[in-house]
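To start, the structure itself, in structure tokens.
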Amino acid sequence: MNEQQPAEPTPLDGIRYFSPPDDYQLCGRDDMVAILWRGKPPLPLLEEDFTAVAPSGCPDYDMVGRGIYQALRIDPECVGAAAYAGVLKDAFPHIISELGAEIIMLDGKEVDAPYLDRKINLLKIMALLDKENAGLPLEIARTYVDKGSRLSSMQHAVTCWYAAEKQLKMSLVLRPDDIHAAYEYGEALYMLGRYDQAAEVWSGLITSLNPGERARVEARVADILADRIPMVPPLDYLTALSVAVELHDNGFSDDAAAIIKDVLADSVFAGQFPLNEVYYLLGTCYQETGLMAEAAEAFKRS
């Protein structure tokens, strides 16, 4: 029977992997840290640090910290990520503090899609460090939803909403009685067109909600049971809107407007989702094609 070979390290820009000798020990913080590396995956190092390590030498404490942190920032799901996160937790408390401060900074301001990607990766590192914290996959899911619902990044809607559904499921495994996570899980299922599953999830919440929330959830479930649902899964409409954005950006405002009008023609979808940005885009398309009255009407609804 062949032994299973260890997975190849994940290729990452700016990172080179170093395989230390079996007796290599990571030491630092005035001998407060002493970790034998045997059995762990190859060390990710910044390219300049890899070059600086002499052929017969080994990376020092600071090199290891820099390399691991950068590797996880690029891809917190890379091969060996859990082991790398464990080393950060045991040996680099200052990096953990920096990570937390950066997440707080990103929470405190309006950010665009690249910053949301950065926040997602930082939260995923935190989730590796604190695997029992149900709030972390919940916050990752919310960030995915934010990104996947913005007109400027709607080309990523499919990836983001499926990722959000996965993270919400993980959060509920850790904390099954979280009403907010369960409601948002139902919303993700609804977006993916899994209406019956969404109704089942929401029906299980009703007795735990206050009267105002209960009325809203009961109405959503009643609509599903009465087949008052969008004509296609809402995620398909987001995908169509991403095509409209691309057409508009390439100068095809007529075609973009036609797609937007088709999406807005579904009154169920249009009534359930905030579409201010979409109406503004429609107004811009009309304006660029000389339909000024239609543009004014669309802008009023944005």
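Matching residues to (1) out of contact with any helix residue (DSSP H, G or I) (no Cβ under 7 Å at 6 or more places or on another chain); (2) at pLDDT 95 or above; (3) hydroxyl-bearing (Ser, Thr, Tyr):
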residue	(1), (2), (3)
GLN70	yes, yes, no
VAL79	yes, yes, no
ASP90	yes, no, no
ILE140	no, yes, no
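Sub-7 Å Cβ pairs linking a first residue in the stretch 130-145 that is not assigned by TED's automatic domain parsing to the domain that holds VAL87 to a second residue that is part of a loop (DSSP other than H, G, I, E, B) and of a type in the set (Asp, Glu), at least 6 apart or interchain, are ALA134/ASP178; LEU136/ASP130, ordered by first then second residue.
For the stretch 164-223, a residue qualifies if it is modelled with pLDDT of 95 or more, over 30 Å from LEU128 (Cβ atoms) and surrounded by fewer than 15 Cβ atoms within 10 Å (Cβ to Cβ), and the qualifying residues are ASP196, GLU200, ALA222. Within the stretch 262-273, one or more residues are within 23 Å of TYR195 (Cβ to Cβ), within 28 Å of the chain's Cα centre (by Cα) and without any contact (Cβ under 8 Å) to a residue 12 or more places away in the chain.
Listed by first and then second residue, the pairs with beta-carbon distance under 8 Å, at least 6 apart or on different chains, first residue in the stretch 238-258 and farther than 22 Å from PHE273 by Cβ, second charged (D, E, K, R), are SER253/GLU288.
Does the stretch 23-42 include one or more residues that are modelled with pLDDT of 95 or more, surrounded by 12 or more Cβ atoms within 10 Å (Cβ to Cβ), outside any loop (DSSP other than H, G, I, E, B) and of a type outside the set (A, V, I, L, M)? There is no residue in the stretch 23-42 that is modelled with pLDDT of 95 or more, surrounded by 12 or more Cβ atoms within 10 Å (Cβ to Cβ), outside any loop (DSSP other than H, G, I, E, B) and of a type outside the set (A, V, I, L, M).
Counting only helices (runs of 4 or more DSSP H) that fall entirely inside the stretch 205-302 and contain at least 1 residues that are aromatic (Phe, Trp, Tyr), the qualifying elements are 234-249, 267-272, 276-288, 292-300.
The values are calculated or read from the model by the stated rules, or taken from the named source; none is laboratory data. Only a predicted model underlies this, so the values are computations on that prediction, with no experimental measurement involved. Neighbour counts are summed over all protein chains in view; Cβ atoms, including those assigned to glycine, are modelled from backbone coordinates with ideal geometry.
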